[in-house]
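One structure is given below, encoded as structure tokens.
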Amino acid sequence: MTDETVDQSAVQSADADDPRLAVLQAVVDRVTSWQDGADEPTVRKELDDAIAESDIEVDEATRERIVAHVLEDTSHGDIRHLLA
């Protein structure tokens with residue numbers, strides 16, 4: 001396992017009080033898997049749609065960091081460091 005590999009049980013237990021993590025990690029994983037090479041508007045739409053369907057709030061700066069992360073790093077990395 002590398003540093004970039006996400007151990008979902010560790011993520012859930014470490015950040016159980018941040019409901020954004022599971023939703024946002026799922027979006028990043030899905031977009032990274034299925035939208036490889038997607039442009040910024042596509043990644044942003046996927047992210048915005050998932051947030052709208054969930055019961056979480058994510059500020060604009062965090063959304064921008066997540067989109068940039070997906071566009072720059074196509075690996076399934078842990079996004080906890082992107083949450084402000």
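The values are calculated or read from the model by the stated rules, or taken from the named source; none is laboratory data. Predicted model, so just to flag it, every value in this text is computed and none were measured. Neighbour counts run over all protein chains shown; Cβ positions are idealised from the backbone, glycine included.
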Inset, instruction - Could you please find all residues in the range 1-27 being under 19 Å from Asp73 (Cβ atoms), at pLDDT below 80 and among the hydrophobic types (A, V, I, L, M, F, W, C)? - result: Met1, Val6, Val11, Val27
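Going by what's in this entry, would Glu64 be described as under 14 Å from Leu83 (Cα atoms), of a type in the set (Asp, Glu), at pLDDT 80 or above and out of contact with any Leu (no Cβ under 9 Å at 6 or more places or on another chain)? Spell out how you get there, then give the answer.
Values: under 14 Å from Leu83 (Cα atoms): yes; of a type in the set (Asp, Glu): yes; at pLDDT 80 or above: yes; out of contact with any Leu (no Cβ under 9 Å at 6 or more places or on another chain): yes.
Here the answer is yes, as Glu64 does meet what is asked.
Return yes or no: is Thr74 assigned to a helix (DSSP H, G or I) and at pLDDT below 80?
Working: assigned to a helix (DSSP H, G or I): no; at pLDDT below 80: yes.
So Thr74 does not fit the description; no.
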Inset, instruction - May I ask you to list pairs of residues, at least six apart or on different chains, whose Cβ atoms are under 7 Å apart, with the first in the range 57-72 being touching a residue at least 12 places away in the same chain (Cβ under 8 Å) and the second being among the charged types (D, E, K, R)? - result: Val58/Arg20; Val67/Glu40; Val67/Arg44; Leu71/Glu40
Inset, instruction - Kindly indicate whether any position in the range 36-52 is buried (at least 17 other Cβ atoms within 10 Å of the Cβ), of a type in the set (Val, Ile, Thr), modelled with pLDDT of 85 or more and out of contact with any Cys (no Cβ under 8 Å at 6 or more places or on another chain). - result: yes
